[in-house]
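**Student:** Okay, here's the structure, questions in a sec.
Every number here is computed from the coordinates shown, using simple stated rules; none is lab data. Model, not experiment: these values are computed from the prediction. Positions of Cβ are generated from backbone atoms using ideal geometry, with glycine treated the same way; all protein chains shown enter the neighbour counts.
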Ligand code: PMT
C-alpha cells in the first residue's frame, strides 16, 4: 500500500528542486499530496506539482469547494508523514509559535503525524538567534529536521542553510517509516573532540566537529534504539530524546563511559579523543618568552581499548581516523583495540571526514571489508547502523 505523504512547500528558491523530490517519493511508493504556503507558487507552479503528484494541489484555508471534500482536518488525518520542504525561516517561526494563519500552518497544528522539516534559507538567517531558538523549540517537541546543509547559496554566500538534496530528504523520510531495526538496543556513542588544557586560556584539541557521531545518534534514535550521547565540545545541538552528557577532557570522557557502559548493548566510539594531555596545566597564563616552550605530555587513557577488553562488554565499534594506512595496519589496530568492528575514515581526503557534511568509510567486521561510498553523514550513519544491527543479530544467533 502506498505511504500517504503530505508535502508542504513554503516560499524559498529551493522550491525548484521539489518536482524531483515528488518524483523520488512516488518512485519509493508514496502517495504525495501537495500544500502550498502563501508565496510558494511564485517559485514553483501548481500545475507542475499537480501533474507530478497526480493529485490536486491545496492552497487555500477557506476554499468552499475544497472544504466539502478535503478540509484541513481531513488532510491532517490522511497524512502518515508531513514533510515541509523547503521550510523557510518564516514558516519555522510560525510553527514554533503555533500560528495557524494559512492551510499549511493550520494542518501542521491539527495533525498527529510525525513532522519533518527541510529548512532552506540564507546562512545568516539560519544562524540568527531567533531562528536557532525556534529550531531548538521545534526539536524539543520531537519535530525532525533533515538538513540544512552547508554550501554555496542562491544568494552567492557560503554557509549552513542550503536545503538537503531531494534524494537525502526522501531517504531520511522513508527510513523513519521502515521497521525499527534497533528496537531494544541501548547504544552508547561518543562524539566530537576532547579539549586538554595547557593553561587557563589554551588547550590541545582537534578538528572533529561531532557531525559523524551526532548523525549516528540521530539515526539510531530514528531506528528505535535508546541512545546515550557523550560529547566533547561541539557547535551542534544534541538530538531530542537521547541522554546527553557534555564534557571536555579524555579523562572526563573515560569516567562518563565507565559509568554508562554496563547499561548499554552497543558502544560506538566516534570521538576523536586526544592521545596526549598535560597532567598539570599551568594555573596562570603561560607568558610568551624568547626561548622554546617545552611541554611534557602524557598519553591519555585509551577509552575504546579499555572498554573492549572488559568482560562482559557491549558490542564495540571503533573508528580510526587515518591519513595513510595499509590493510595490515588497520587490521592490527582492530586487534589492538579489541573491537568487533573498526570503521576507517580516510581523513587525508579534502571532501570527507573532519568537519565535512559528507563521509566515506571502510568497515572492517570480523570477516568482511565493506566500502561505504561518499554520501551525507546521515546516509552513511544509516548504512553503518544497518551493518551493526546485522552483525549483532548474527552474533546472537551463534551464541
Ligand atoms: O566529528 P566529525 O567532524 O564529523 O569527524 C568525524 C571523525 C573523523 C572524527 C570520525 O569519523 C572518526 O574517524 N573518529 C575517530 C577519530 C580517532 O580518534 O581516531 P583514532 O584512530 O585516533 O582512534 C581510534 C579509536 O580509538 C576511535 O574509536 C577513538 O574514539 C578511540 N580512542 C582514541 C584515543 C583515545 N585516547 N581513546 C579512545 O577511545
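**Student:** Just grab the label-to-label distance for residue 50 and residue 241, each label 7 Å out from Cα along the Cβ direction, in nm (one decimal).
**Tutor:** According to this spin-label approximation, the distance is 3.7 nm.
**Student:** Mind jotting down the distance between the C-alpha centroids of the stretch 237-264 and the stretch 273-329, whole Å?
**Tutor:** 17
**Student:** Which parts of the stretch 261-286 would a label at residue 298 reach, counting a residue when its backbone N lies under 19 Å from a point 7 Å out along Cα-to-Cβ?
**Tutor:** Correct set: 273-284.
**Student:** May I have the pair-distance distribution P(r) for the chain, computed from all Cα-Cα distances with 10 Å bins from 0 and rounded to whole percent?
**Tutor:** 5, 21, 28, 22, 15, 7, 2, 0, 0
**Student:** Test of understanding: what is the full-extension gain from residue 28 to residue 13, defined as 0.36 nm times their sequence separation minus their Cα-Cα distance?
**Tutor:** Values: separation 15, 0.36 × 15 = 5.40 nm, distance 2.50 nm.
That pair, residue 28 and residue 13, stretches by 2.9 nm at full extension.
**Student:** For a footprinting-style exposure proxy, rank 125, 212 by other Cβ within 10 Å, fewest first.
**Tutor:** Fewest-to-most ranking of 125, 212: 125, 212.
**Student:** One-quarter of the Cα convex hull surface for the stretch 3-175, in nm²? Before the final figure, lay out each step's value.
**Tutor:** Working: hull surface 35.9 nm².
Directional mean of the projected Cα hull area for the stretch 3-175 stands at 9.0 nm².
**Student:** Nearest 0.05, what FRET efficiency do residue 262 and residue 42 give at R0 = 45 Å with Cβ-Cβ as r? Could the numbers behind the result be given before it?
**Tutor:** Values: r = 57 Å, r/R0 = 1.26.
Efficiency, from the Cβ-Cβ distance: 0.20.
**Student:** Relative contact order for the chain: what is it in percent, counting Cα pairs under 8 Å that are at least 6 residues apart?
**Tutor:** On the way: 802 pairs, mean separation 44.0, N = 399.
Over the chain, the number comes to 11 percent.
**Student:** So how far, in whole Å, is the C-alpha centre of the stretch 30-54 from the one of the stretch 79-117?
**Tutor:** 16
**Student:** At R0 = 41 Å, how high is the FRET efficiency between residue 1 and residue 374 if r is their beta carbon distance? Nearest 0.05 is fine. Walk me through the numbers on the way to the answer.
**Tutor:** Working: r = 34 Å, r/R0 = 0.83.
Result of the calculation: an efficiency of 0.75.
**Student:** What is the distance in Å between the Cα centroid of the stretch 357-382 and that of the stretch 143-175?
**Tutor:** Result: 20 Å between the Cα centres.
**Student:** While we're looking at this one, here's another question. When only Cα pairs under 8 Å and 6 or more residues apart are kept, what is the percent relative contact order across the stretch 106-220? Could you put the intermediate results ahead of the total?
**Tutor:** On the way: 121 pairs, mean separation 22.7, N = 115.
In percent, rounded to a whole number, it is 20.
**Student:** Arranged by the count of other C-beta atoms within 10 angstrom, fewest first, what order do 72, 264, 309, 371 take? Numbers along the way, then the final one.
**Tutor:** Details: 72 26, 264 22, 309 13, 371 9.
Listing 72, 264, 309, 371 from fewest to most nearby Cβ atoms yields 371, 309, 264, 72.
**Student:** Shifting gears a bit: Roughly how many nanometres apart are two label points built 7 Å out from the Cα toward the Cβ at residue 290 and residue 167?
**Tutor:** For the pair residue 290/residue 167, the computed spacing is 6.1 nm.
**Student:** Let me ask something else about it. Would you mind calculating the gained length between residue 207 and residue 183 on full extension (0.36 nm times residue separation, minus the Cα-Cα distance), in nm to one decimal?
**Tutor:** Working: separation 24, 0.36 × 24 = 8.64 nm, distance 3.27 nm.
Result: 5.4 nm gained on full extension.
**Student:** At a Förster distance of 35 Å, what's the computed FRET efficiency of residue 73 paired with residue 158, Cβ-Cβ distance as r, to 0.05? Don't skip to the answer; put the middle values down first.
**Tutor:** Values: r = 43 Å, r/R0 = 1.22.
Here the calculated transfer efficiency is 0.25.
**Student:** What number, rounded to the nearest 500 deg cm²/dmol, is the helix-based mean residue ellipticity at 222 nm of the chain, given -39500 (n - 2.57) per DSSP H run of at least four residues and division by all its residues?
**Tutor:** Working: 14 runs with 137 residues, N = 399.
Computed mean residue ellipticity for the chain: -10000 deg cm²/dmol.
**Student:** Taking the Cα atoms only, what angle lies between the long axis of helix 166-175 and the longest principal axis of the chain, rounded to 10 degrees?
**Tutor:** Roughly 80 degrees between the two axes.
**Student:** Where does helix 18-27 land angle-wise versus the long Cα axis of the chain, in degrees 0 to 90, nearest 10?
**Tutor:** Roughly 80 degrees between the two axes.
**Student:** Cα axis of helix 377-398 to longest principal axis of the chain: angle in degrees, 0 to 90, nearest 10?
**Tutor:** Once rounded, one gets 70 degrees.
**Student:** Now for a different question. Can you tell me what share of the DSSP beta bridges in the chain is antiparallel? A percent to the nearest 5 is fine.
**Tutor:** Values: 18 of 62 bridges.
So the antiparallel bridges in the chain amount to around 30 percent.
**Student:** Can you pull the one-decimal nm distance between simple spin-label points at residue 311 and residue 112, each 7 Å off the Cα toward Cβ?
**Tutor:** 5.1
**Student:** On to the next question. Over the stretch 3-175, calculate the relative contact order: mean separation of alpha carbon pairs under 8 Å at least 6 apart, over the residue count, as a percent.
**Tutor:** Working: 335 pairs, mean separation 40.7, N = 173.
It rounds to 24 percent for the stretch 3-175.
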